[in-house]
1. Pairs LYS78/LYS249; LYS167/LYS315; LYS167/LYS321; LYS167/LYS447: which are spaced more than 20 Å apart, C-alpha to C-alpha?
2. Can you give the accessible area of MET291, probe radius 1.4 Å, in Å² rounded to 10?
3. How far is helix 228-241 tilted, in degrees, relative to the longest principal axis of the Cα atoms in the chain, given as a value from 0 to 90 rounded to the nearest 10?
4. Would segment 300-411 count as rounded, prolate or oblate if I go by the C-alpha gyration tensor, calling it rounded below 1.5 in a/c and otherwise prolate when a/b exceeds b/c, oblate otherwise?
5. When the accessible area of the chain is computed with all protein chains present and a 1.4 Å probe, what percentage of it is carbon and sulfur?
6. Arrange the residues LYS78, LYS444 by how much accessible surface each exposes, largest first, with a 1.4 angstrom probe.
7. Where a ≥ b ≥ c are the square roots of the eigenvalues of the C-alpha gyration tensor, would you call segment 82-132 rounded, which needs a/c under 1.5, or, failing that, prolate if a/b is larger than b/c, or oblate?
8. With a 1.4 Å probe and all protein chains kept in place, how do ARG81, ARG30, ARG198 rank by accessible area, largest first?
Amino acid sequence: MTRLSTIKFTKTPLRIFSGLSSFQILAMFRRGLFYTYLSLYMREFLNLSVFETTLYATLPMIMSIIFQNFVWGPISDKIQRRRTFIVLGEILAGIGTLVVWLIHFLLASLHSSGYTINIWGITYSCLYISGSIIIIGLSFVEMFWSMSNIGWSALISDLYPSEKRSKIMGQLTGLGGMGRIFGIFIGGLLYNGGFGFRNGPLFFVASSFMFISTIPMLLFSPEGGINREEKEEIRISELKNNNNNNNQKSILVFVVFIIALAAINFGRNSIAIPYSQYLSLESGFNVDSIMLSFITNSRSVATLIIGFTAGVLSKKFGHSKTLIIGTSIGIIALIITATTSYLPIIFIGSFLIGAAEVLIYASSYAIASLLIPSRIRAKLFAVYNATFFLSWGIAGTLISGPIIDTLIREGTSEVFAYQIGFVIAAIISLLGLLIFLILEVWIKIQKSKM
């Protein structure tokens with residue numbers, strides 16, 4: 001059986017990869033530009049607590065996963081449209097981002113005039129409410145932006161055979177790291193002590209790049225998906241090749257893999273939001289936005305360099321071993337960040353965080369693509385995406401945020417409170433690694449019995 005998407009791929013491989021890589025570069029540019037400094041803005045400029053700053057990631061990511069799993073994933077599998085979802089998601093998210101800025105700006109302006117807002121007998125500053133608007137607004141934006149996320153995950157597997165996916169994802173992640181480098185640097189210049197968000201430049205540039213990123217997808221990328229006849233052939237083939245016992249084992253392996261990956265990602269990403277706050281503490285490293293951009297970009301440099309070797313590592317050592325290596329590097333990076341008082345070592349820790357990120361992403365994507373049946377690819381990739389997306393928000397809200405806030409309230413130094421948060425993050429990732437190692441041992445035992 002010849003896959004329709006494979007035919008499209010073999011005809012124009014360079015054209016397709018050019019479209020995908022251009023989109024990835026633009027996407028990571030805006031993420032580096034916007035999200036590197038957003039928690040800093042909400043913490044220092046809008047005066048939100050550490051816990052409250054994590055909500056800008058938690059609530060939007062919850063909305064993203066809900067809509068990926070129960071709305072866009074099933075619809076995408078039913079109509080087999082990938083590129084359409086990516087383009088629509090980016091356009092709607094770009095419009096929504098501008099609306100969020102406008103409402104937030106109007107409230108922040110009222111604060112400058114001395115206005116306050118009374119809600120159920122409690123008086124809030126307009127500055128505080130403007131921060132809440134960002135959190136709520138980005139949650140609504142994510143409802144539609146998640147169309148792009150699920151379309152992207154499924155499209156890569158539609159276009160490339162399983163043996164090439166790890167290599168392609170590594171290369172795309174590496175190129176995305178290049179875009180992120182420029183985004184972080186430009187964001188540091190535009191941040192301007194928080195006024196880059198308040199007055200709109202960071203919102204405007206981020207939104208513009210959402211619109212621009214649709215151009216390479218429309219020009220170079222195919223729609224993706226599989227046709228009805230192919231979908232039916234795949235279903236019949238799966239029924240012939242898999243008995244009930246094998247299906248149950250496959251489901252078990254996928255579920256345990258997702259649990260392990262969730263723990264790995266929840267640990268390492270629980271410090272994603274507090275990270276910039278920690279480096280900016282006056283009692284700690286006290287870096288400004290420009291120095292913060294250099295530190296964060298050392299992570300992007302690692303993503304760029306390691307991204308092009310991730311496929312080679314997966315091919316040489318296997319996807320599972322590459323995931324183990326990546327996770328181990330991530331744990332070491334967290335411990336280094338938590339224990340050092342020297343800024344040069346922070347750069348090393350940031351570099352290792354980037355190296356771990358690309359190895360984990362490329363290898364885990366390859367593993368997931370092998371475990372997920374193609375006819376329900378979008379739906380189950382939504383579950384896979386949840387381990388990453390939710391870890392950016394919920395991990396901070398439920399783990400690092402409360403721990404840091406509680407320790408500070410108890411009288412410990414701010415620096416120590418953040419460091420404890422990083423240590424606990426390392427422990428959680430270690431737990432995920434142990435679960436994955438147990439799964440690998442179990443799989444080898446089952447294979448030896450066959």
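The values are calculated or read from the model by the stated rules, or taken from the named source; none is laboratory data. Nothing here was measured: the structure is a model prediction, and the numbers come from that model. Glycine gets a Cβ as well: all are built from the backbone with ideal geometry, and neighbour counts include every protein chain shown. To get the accessible areas, we keep the full protein, side chains included, count just its heavy atoms, and leave off ligands, DNA and RNA. Shrake-Rupley method; radii C 1.70, N 1.55, O 1.52, S 1.80 Å.
1. LYS78/LYS249; LYS167/LYS447
2. Ignoring ligands and nucleic acids, MET291 comes out at about 60 Å².
3. The two axes meet at around 70 degrees.
4. oblate
5. Carbon and sulfur: 69 percent of the exposed surface of the chain.
6. From most exposed to least exposed: LYS78, LYS444.
7. Working: a/c = 6.10, a/b = 2.82, b/c = 2.16.
The shape class here is prolate.
8. Numbers: ARG81 105, ARG30 5, ARG198 35 Å².
Order by accessible area, largest first: ARG81, ARG198, ARG30.
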